Amino acid sequence: MLFTRFLSLISGFFLISVSLFAQQGDLYVPLEVQTAYAKGTRSPDGTPGPNYWQNKSDYRIRVRMEPATRTVRGQETVTYTNNSPDTLRQLVVRLYPDIFKKGNIRDEAVDPDDITDGVNVSAVTLNGSKLDLKARKPLFRRSGTNMIFMLARPLLPGGRLNLEMNWDYTVPAKTHIREGTYGENTFFVAYWYPQIAVYDDVHGWDTFNYTGTQEFYNDFSDFDVEITVPDGFLVWATGVWQNPGEVLKEEYADRYRQATQSAEVVHIVDAKDLRKGNITAGKPQNVWKFRAGNVPDFAFALSNRYLWDATSTVADPATGRRTTVSAAYDPKSDDFTQVARFGRESVAYFSTQLPGVPFPYPNLTVFNGSGGMEFPMMVNDGSSPGLEDAAEVTAHEIAHTYFPFYMGINERRYAWMDEGWAQFLPNEIPFRRKASDSQTFTVQQENARYFSLFAGKEQEMPMMTPTNLLSGFSYGFASYFRPAVAYAQLQEVLGKEKFRQVLQDYMRRWNGKHPIPYDFFYSFNAAAGEDLSWFWKPWFFDKGYPDLGLKVTSEGKESKIVVQKKGTLPVPVRLKVTYRDGSEETFSETARVWKDGAAEFTLNKILGKAIRSVVLGDAQIPDVNPEDNVIRR
């Protein structure tokens, strides 16, 4: 865009900005977002604008995994569609494995043995013309984890581009940054194929390098992937498996089909089967075929020594559509014996309770690797010390199916828009430790307690700080704990049912698109029927902390209880009053009590009995100084 045209747009926008944003309180709106409103790609009522657009990449990939050398060899053909009104003069392609390239910047420690020369790109054809990769002045440059092509023929609005690439690289043996090698002949392969970066209406090309902390921001794509592996290896991947009968012996293919219709856990491959062998087709190499439509990424895993459980649940009660949930795991991982069931219960809860949106994918595999990391239809989870921890991490990673995949979140800039939801949504799933148990437990993630430990410290940053500028504790608390607590407080302000309806409205508006924070704020405002800026500003934009204090005064038989708002974040008021006769009474107000800027809340009730003690707050409400929350007499 010409600079003079840009100035014209901004000037025109400022003429209407006063009336445009008056309804949204005093939230700060960056210039890039104001420009998007002026162009009509987004709207200040939280809906996609009449001129909203997004580009699309479709992939056909043929990949061979060589376990002995940990080598991935791939060929891909990508069709890229420019739906934008802009003429594109360059193409940005991500080469994620270049995070292990010698000299590149990394946020994570890497074992020296895993440092490489990066991705070996052996052939590139762009719109039918083969590029000379060794030319003195090539039409591309590699920078960090990006490969940027200068287009000899600019890509016009509405035009398509075809890119063909051949590449190979070595999967790290000892370093696990969301993927890697897990013992002998076991691999989780992610961030592995040359991927066209996002070009969007707010920031243009996403050229951030992958340094190990920030995660997804991808366009929605169609994938046709064939994965060739030696006989004896099982493969789990994103997408719908096209050929189980070709790569599995009939007995195991039948067990898989049974699991897709069963509410019970089916042991497709158990320890006895592993000892016996003869599970796959018996060819020297087997080709596993997968297809996935309208998903933002593709990952796969393989092993010749893992157990495999699977089960399924109805994800959409209106149609009866089912989702199959698998667990692939090391025989030594005792907690994983329950993971397929935990996954099924998570999918059922998310589909019918909160957010109450049918799970969008036909299948999901939780793979026993390391840490906890989500991909469309794939999860990479390490072993947990107990079943409660296994349930928590399973539910958290599956919750990511909605955020960032269903919603297309830009985690590189706004990680709280997905990690916060994944931290919050599973809190009330009623898990059982064993399938036969009658007692249930919920996933208590202690978000309030963790947030209280860090809130208000010098390194705590507001959530609206772009995520790519954060690291360490600043990243973790701004992305996980503070937003999870904020969502819980907002749920109480609106009430559970209204909150659920408002969340669903936001998801309907932005499913399959790329919402930014203002789309979230203004969509919630519109659906809730009120301006929630009094809540958004302190929780999401400002530095601050939660801190309530207690003051009790008595005059004769009457007592007055005053709650002081010493911090800046609005949180609920909970009071438990114990009288000298042993009786108790509780009082509760949501965070809305602080909406109009009050510094104190007075309990307007004649108690009429002598007080023994007053306790302010509870375990779900963060407070950086709980010592002034109890008064005893």
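Could you please find all residues in the stretch 487-518 being within 17 Å of the chain's Cα centre (by Cα) and buried (at least 18 other Cβ atoms within 10 Å of the Cβ)?
487, 503, 506, 507, 510, 514, 515, 516, 517
Can you tell me which residue among 587, 601 is under 29 Å from residue 543 (Cβ atoms) and of a type in the set (Phe, Trp, Tyr)?
Values: 587 fails: under 29 Å from residue 543 (Cβ atoms).
Result: 601 is the single residue among 587, 601 that is under 29 Å from residue 543 (Cβ atoms) and of a type in the set (Phe, Trp, Tyr).
Of all strands (runs of 3 or more DSSP E) completely enclosed by the stretch 110-183, which ones contain at least 2 residues that are buried (at least 19 other Cβ atoms within 10 Å of the Cβ)?
Numbers: elements: 120-126, 140-143, 146-155, 160-170.
Here the list reads 120-126, 146-155, 160-170.
From the list 441, 403, 367, exactly one residue is modelled with pLDDT under 95 and of a type in the set (Phe, Trp, Tyr). Which is it? I'd like the intermediate steps shown before the answer.
Working: 403 fails: modelled with pLDDT under 95; 367 fails: modelled with pLDDT under 95.
Only one candidate qualifies: 441.
Please go through the stretch 339-353 and give me each residue that is surrounded by 21 or more Cβ atoms within 10 Å (Cβ to Cβ) and among the hydrophobic types (A, V, I, L, M, F, W, C), ordered by number.
Passing the criteria: 339, 340, 342, 347, 350.
Residues that are closer than 19 Å to residue 212 by Cβ, of a type in the set (Val, Ile, Thr) and either touching a Pro at 6+ places or on another chain (Cβ under 7 Å) or surrounded by 17 or more Cβ atoms within 10 Å (Cβ to Cβ) (or both): does the stretch 98-109 have at least one? It would help to see each step written out before you state the result.
Step one: of the stretch 98-109, the residues closer than 19 Å to residue 212 by Cβ are 98-109.
Subsequent filtering for residues that are of a type in the set (Val, Ile, Thr) retains 99, 105.
Within this subset, residues satisfying the condition of being either touching a Pro at 6+ places or on another chain (Cβ under 7 Å) or surrounded by 17 or more Cβ atoms within 10 Å (Cβ to Cβ) (or both) are 99.
Scanning the stretch 98-109, I find at least one residue that is closer than 19 Å to residue 212 by Cβ, of a type in the set (Val, Ile, Thr) and either touching a Pro at 6+ places or on another chain (Cβ under 7 Å) or surrounded by 17 or more Cβ atoms within 10 Å (Cβ to Cβ) (or both), so the answer is yes.
Are any of the residues in the stretch 291-314 among the β-branched types (Val, Ile, Thr), surrounded by fewer than 18 Cβ atoms within 10 Å (Cβ to Cβ) and either touching a residue at least 12 places away in the same chain (Cβ under 8 Å) or not in a strand (DSSP E or B) (or both)? Spell out the reasoning first.
In the first step, residues of the stretch 291-314 are kept if they are among the β-branched types (Val, Ile, Thr); the result is 295, 311, 313-314.
Checking the rest, the ones that are also surrounded by fewer than 18 Cβ atoms within 10 Å (Cβ to Cβ) come to none.
No, the conditions are met nowhere in the stretch 291-314.
Search the stretch 184-228 for residues being in a loop (DSSP other than H, G, I, E, B) and aliphatic (A, V, I, L, M), and hand back the single one that is farthest from the chain's Cα centre (by Cα).
Initial filter on the stretch 184-228 (in a loop (DSSP other than H, G, I, E, B)): 184-185, 190-194, 197-198, 201-203, 206-220.
In the following step, the residues that additionally are aliphatic (A, V, I, L, M) were identified as 190, 197-198, 202.
Details: 190: 15, 197: 18, 198: 17, 202: 21 Å.
Looking at the filtered set, the residue picked out is 202.
Determine if the stretch 421-430 includes at least one residue that is outside the structural domain of residue 520 (by TED's automatic domain parsing), surrounded by fewer than 17 Cβ atoms within 10 Å (Cβ to Cβ) and touching a residue at least 12 places away in the same chain (Cβ under 8 Å).
If we filter the stretch 421-430 for residues that are outside the structural domain of residue 520 (by TED's automatic domain parsing), which is where we start, we get 421-430.
If we keep only those that are surrounded by fewer than 17 Cβ atoms within 10 Å (Cβ to Cβ) too, we end up with 428, 430.
Cutting the leftovers down to touching a residue at least 12 places away in the same chain (Cβ under 8 Å) gives us 428, 430.
Within the stretch 421-430, one or more residues are outside the structural domain of residue 520 (by TED's automatic domain parsing), surrounded by fewer than 17 Cβ atoms within 10 Å (Cβ to Cβ) and touching a residue at least 12 places away in the same chain (Cβ under 8 Å).
Can you tell me which residues in the stretch 571-598 are hydroxyl-bearing (Ser, Thr, Tyr), under 22 Å from residue 486 (Cβ atoms) and surrounded by fewer than 16 Cβ atoms within 10 Å (Cβ to Cβ)? Before the answer, list the steps.
Let us first name the residues in the stretch 571-598 that are hydroxyl-bearing (Ser, Thr, Tyr), namely 578-579, 583, 586, 588, 590.
Those still in the list that are under 22 Å from residue 486 (Cβ atoms) too: 588, 590.
Passing the criteria: only 588.
Being in contact with a Pro (Cβ under 6 Å, 6 or more places away or on another chain) and within 20 Å of residue 188 (Cα to Cα) is the filter here; which residues of the stretch 291-335 pass it?
Residues satisfying the conditions are 295, 297, 307.
The values are calculated or read from the model by the stated rules, or taken from the named source; none is laboratory data. Every value quoted in this text rests on a predicted model; they were computed, and no experiment measured them. No Cβ is skipped: glycine too gets one built from the backbone with ideal geometry, and neighbour counts run over all protein chains shown.
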